[in-house]
Amino acid sequence: MVLRSLVAALAVIALPSKARALNPPQNIAIDGGPLGQIVFSGGVDGGFYAQSNAPKNTKTYGAALGNALVELQKTTGIVQFTIEIGAYSAQTLGAAPVVNNYFSVSPLFAGYITIAPNDNVSVSAGQLNPLVGYEGAQDWLNTGEFFSAIAATQPGQGRGVQIALTQGTLSASLSLTDGYYTGVVNYLQGIGSWAPNEQNSLSVYGGGNLGRTGVNALGSGNVLLNNSTLLGAFYTRTQGGLSITPEVQVQYANPNAALGLGGYARNLSAAVFALYQFSGTNYSLGGFVEYATQASNKAATTTADFFGTGPNSSFYGVSIAPAWQKGNLFARADLGLLHAHVTAGGAKPLALQTTMEVGLLF
């Protein structure tokens, strides 16, 4: 019933404006011969990190590659395609640093063919980008290097099909994929937004498993995420050099004895993202504040942990990220803190994290 309502709602709303903190230069155009013009772009970033109260077997400080991706696109004509390959990582605020784990799904980050008979309709098939949520897939698209708790529980790349419709200020996209890269094509997700002008846009999204994904399915999630349903929305207001986006998301999984989910599990997460570009300079300031809580009944406590902070826990976090960019080059620091409250053990110590990131976009 929830998914039917979601599909009906998306039919009258439009595509979102994703976060974009750093501005890449104009894409490189290549003569593809009989294929026509092909657009080449990409980026690489990495740097240093430090953290307090590091998880067991995790370094307190170090250096790591962030992303190294190249993308080829054909964006004109009836038959189009996108290929994106390389190393990829996503650093969630409060989580252990991602080190030497750059192919969480495969070296092919995205690869799909699109049939676009006109500017209003397109159908794509292959390894697709997720539709849900405000934050972009690469950290250089976001207000800081850290990802929020909202993004941490959303599906990433998935294999399947997608349809996109656009009409004036309204558009919508719907896809059927394997969700958290499980190999089982049963995850429906969609997003839409209404953008009446350049200053305002409102988006809603949702996703959920149409059936059941077993405990032995591989992928980027787990049995809880693979069999969950999520609903969310975000609104973006831009005025001059300032952009503010509040986002809220709810997610739940129903009991399923066959999957080891003995009882219900749910979470609520909310964040406010902000970005300010200092006029006439190469500097900007981004970041977010967030709050998340999760709950379950006693029968589900062994598996009901969406965030890795323990069942029936809650936490708040803050990320502040000053950045500098000139042409293709950028440098950005990100100072974050996370404080968690666990029902069984009381308040955990404050965890501080910081990164210093440098990168090249082309």
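The values are calculated or read from the model by the stated rules, or taken from the named source; none is laboratory data. Please read these numbers as outputs of a predicted model, since none were measured by experiment. Cβ sites come from the backbone with ideal geometry, for glycine too, and all protein chains shown count toward neighbours.
Results, tabulated for the structure shown:
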read-out: Complete set of residues in the range 39-74 that are farther than 25 Å from Gln91 by Cβ, of a type outside the set (S, T, N, Q) and in contact with a Phe, Trp or Tyr (Cβ under 9 Å, 6 or more places away or on another chain); value: Phe40, Leu72, Lys74
read-out: Of all residues in the range 66-83 being under 17 Å from Gly126 (Cα atoms) and outside any strand (DSSP E or B), the one that is modelled with the lowest pLDDT; value: Thr75
read-out: Cross-chain or 6+ apart pairs with Cβ under 8 Å, the range 240-262 first and under 25 Å from Glu290 (Cα atoms), then surrounded by 14 or more Cβ atoms within 10 Å (Cβ to Cβ) and charged (D, E, K, R); value: Val250/Arg266; Gln251/Arg266; Tyr252/Arg266; Ala253/Arg266
read-out: Total residues in the range 320-337, condition at pLDDT below 95 and touching a strand residue (DSSP E or B) at 6+ places or on another chain (Cβ under 6 Å); value: 1
read-out: Qualifying residue in the range 218-238 (condition: farther than 26 Å from Arg159 by Cα and touching a Lys or Arg at 6+ places or on another chain (Cβ under 6 Å)); value: no
read-out: Residue list for the range 132-151, filter: outside any loop (DSSP other than H, G, I, E, B) and either of a type in the set (Phe, Trp, Tyr) or modelled with pLDDT of 95 or more (or both); value: Trp140, Phe146, Phe147, Ala149, Ile150, Ala151
read-out: Scan of the range 185-202 for residues that are assigned to a strand (DSSP E or B) and either touching an Asp or Glu at 6+ places or on another chain (Cβ under 9 Å) or of a type in the set (Phe, Trp, Tyr) (or both), ordered by number; value: Tyr187, Trp194
read-out: Residue, nearest to Tyr235 (Cα to Cα), within the range 82-135, restricted to residues that are surrounded by fewer than 17 Cβ atoms within 10 Å (Cβ to Cβ) and of a type in the set (S, T, N, Q); value: Asn120
read-out: Only listed residue being closer than 29 Å to Val161 by Cα, more than 16 Å from the chain's Cα centre (by Cα) and crowded, with 16+ Cβ neighbours inside 10 Å, chosen from Asn227, Asn256, Asn216; value: Asn227
read-out: Unique residue being free of Cβ contacts under 8 Å to residues at least 40 places away in the same chain and under 24 Å from Gly46 (Cα atoms) when the list is Phe103, Phe109; value: Phe103
read-out: Residue within the range 92-99 that is touching a helix residue (DSSP H, G or I) at 6+ places or on another chain (Cβ under 8 Å) and aliphatic (A, V, I, L, M) present; value: yes
read-out: Options Asn186, Asn197: the member that is over 22 Å from Ala125 (Cα atoms), at pLDDT 95 or above and either buried (at least 21 other Cβ atoms within 10 Å of the Cβ) or not hydrophobic (A, V, I, L, M, F, W, C) (or both); value: Asn197
read-out: Test: residue in the range 264-274 that is over 27 Å from Thr236 (Cα atoms) and either of a type in the set (A, V, I, L, M, F, W, C) or assigned to a loop (DSSP other than H, G, I, E, B) (or both); value: yes
read-out: Residues located in the range 141-152, provided they are touching a strand residue (DSSP E or B) at 6+ places or on another chain (Cβ under 9 Å) and surrounded by fewer than 24 Cβ atoms within 10 Å (Cβ to Cβ); value: Phe147, Ala152
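A quick yes/no check of all residues on (1) within 18 Å of Leu329 (Cβ to Cβ); (2) touching a residue at least 60 places away in the same chain (Cβ under 8 Å); (3) among the aliphatic types (A, V, I, L, M):
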{"residue": "Pro25", "(1), (2), (3)": "yes, yes, no"}
{"residue": "Ile28", "(1), (2), (3)": "yes, yes, yes"}
{"residue": "Ile38", "(1), (2), (3)": "no, no, yes"}
{"residue": "Val44", "(1), (2), (3)": "yes, yes, yes"}
{"residue": "Tyr49", "(1), (2), (3)": "no, yes, no"}
{"residue": "Asn57", "(1), (2), (3)": "no, no, no"}
{"residue": "Thr60", "(1), (2), (3)": "no, no, no"}
{"residue": "Leu65", "(1), (2), (3)": "yes, no, yes"}
{"residue": "Leu72", "(1), (2), (3)": "no, no, yes"}
